[in-house]
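Trainee: Pasting a structure here, questions to come.
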């Protein structure tokens, strides 16, 4: 059974803080993704990675960076959190393109 | 115009009803079509996966793809209160560089 875990379910941070969101998958998947989900906007792709140390910008990368030092771990970094980054953050992984994406439980981030 | 359009609902039906959830899309290159179910405060989980046109059935769920009309549907027979969730359609093209594009989700409520 594929498992994608995220480091926190809920997080409250102050404007300007550096925020780390971590995602770990246990199925040796090649590809990993970070999305944010907002009401009325659906899932929007922030960054993705098809290999260790590789990263690609998604549709809304501004204000975010990522790190993939190990195959199973994909971190999302908010360099200086802002209130408009308050959102639900979802990590996903897949073995290959056009295959099922498996999602983590999400992290609800509130930036005050 | 969004690439994928989905009515946000909410859709409220009595237990036992047949539910029809739909998405339209504009990109004729889409080949892979998925339906995800997302319970409140959880990550999406894959419900149905179809390739190209046609129908696919899994228990009470039937996914239908009509590529000529650029229209996909998910039918739920004998709906249960446990089906209450948000349903997201998702689709992608056949190339490895194609991203998965999500609808905004339809919220379904099945009342006893």
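The values are calculated or read from the model by the stated rules, or taken from the named source; none is laboratory data. Note that the coordinates shown come from a computational prediction; the quantities given were computed from them, not determined experimentally. A quick note on method: Cβ atoms are made from the backbone with ideal geometry, for glycine too, and the neighbour counts reach across all protein chains shown.
Trainee: Among residues belonging to region A:90-111 that are touching a residue at least 12 places away in the same chain (Cβ under 8 Å) and in a loop (DSSP other than H, G, I, E, B), point out the one that is nearest to residue B:30 (Cα to Cα).
Mentor: A:97
Trainee: So for region B:4-19 (the condition being away from every other protein chain (no Cβ under 11 Å) and under 17 Å from residue B:67 (Cα atoms)), does at least one residue qualify?
Mentor: No; the residues of region B:4-19 include none that is away from every other protein chain (no Cβ under 11 Å) and under 17 Å from residue B:67 (Cα atoms).
Trainee: Let me ask something else. Quick one: which residue in B:104, B:86 is within 24 Å of residue A:98 (Cβ to Cβ), part of a loop (DSSP other than H, G, I, E, B), within 14 Å of chain A (Cβ to nearest Cβ) and within 15 Å of the chain's Cα centre (by Cα)?
Mentor: On inspection, the qualifying residue turns out to be B:104.
Trainee: In this structure, is residue A:109 touching a strand residue (DSSP E or B) at 6+ places or on another chain (Cβ under 6 Å) and more than 23 Å from residue B:3 (Cβ to Cβ)?
Mentor: Answer is yes for this residue.
Quick grid of which residues meet (1) within 14 Å of chain B (Cβ to nearest Cβ); (2) touching a residue at least 40 places away in the same chain (Cβ under 8 Å):
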site	(1), (2)
A:5	yes, yes
A:14	no, yes
A:21	yes, yes
A:31	yes, yes
A:44	yes, no
A:56	yes, no
A:71	no, yes
A:75	no, yes
A:79	no, yes
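Trainee: Just for region A:83-104: of the residues that are loosely packed, with under 14 Cβ neighbours inside 10 Å and modelled with pLDDT of 95 or more, which one is farthest from the other protein chains (Cβ to nearest Cβ)?
Mentor: A:83
Trainee: Within region A:51-82, restricting attention to residues that are crowded, with 18+ Cβ neighbours inside 10 Å and in contact with a helix residue (DSSP H, G or I) (Cβ under 9 Å, 6 or more places away or on another chain), which residue is farthest from residue A:12 (Cα to Cα)?
Mentor: Looking at residues that are crowded, with 18+ Cβ neighbours inside 10 Å and in contact with a helix residue (DSSP H, G or I) (Cβ under 9 Å, 6 or more places away or on another chain), I get A:64.
Trainee: Have a look at B:28, B:79, B:92 and point out the one that is out of contact with any helix residue (DSSP H, G or I) (no Cβ under 9 Å at 6 or more places or on another chain) and at the interface with chain A (Cβ under 10 Å from one of its Cβ atoms).
Mentor: Sole residue among the options that is out of contact with any helix residue (DSSP H, G or I) (no Cβ under 9 Å at 6 or more places or on another chain) and at the interface with chain A (Cβ under 10 Å from one of its Cβ atoms): B:92.
Trainee: Let me ask something else about it. Return the residues of region B:95-112 that are crowded, with 20+ Cβ neighbours inside 10 Å and in contact with a helix residue (DSSP H, G or I) (Cβ under 8 Å, 6 or more places away or on another chain); say none if nothing qualifies.
Mentor: Matches in region B:95-112: B:108, B:110.
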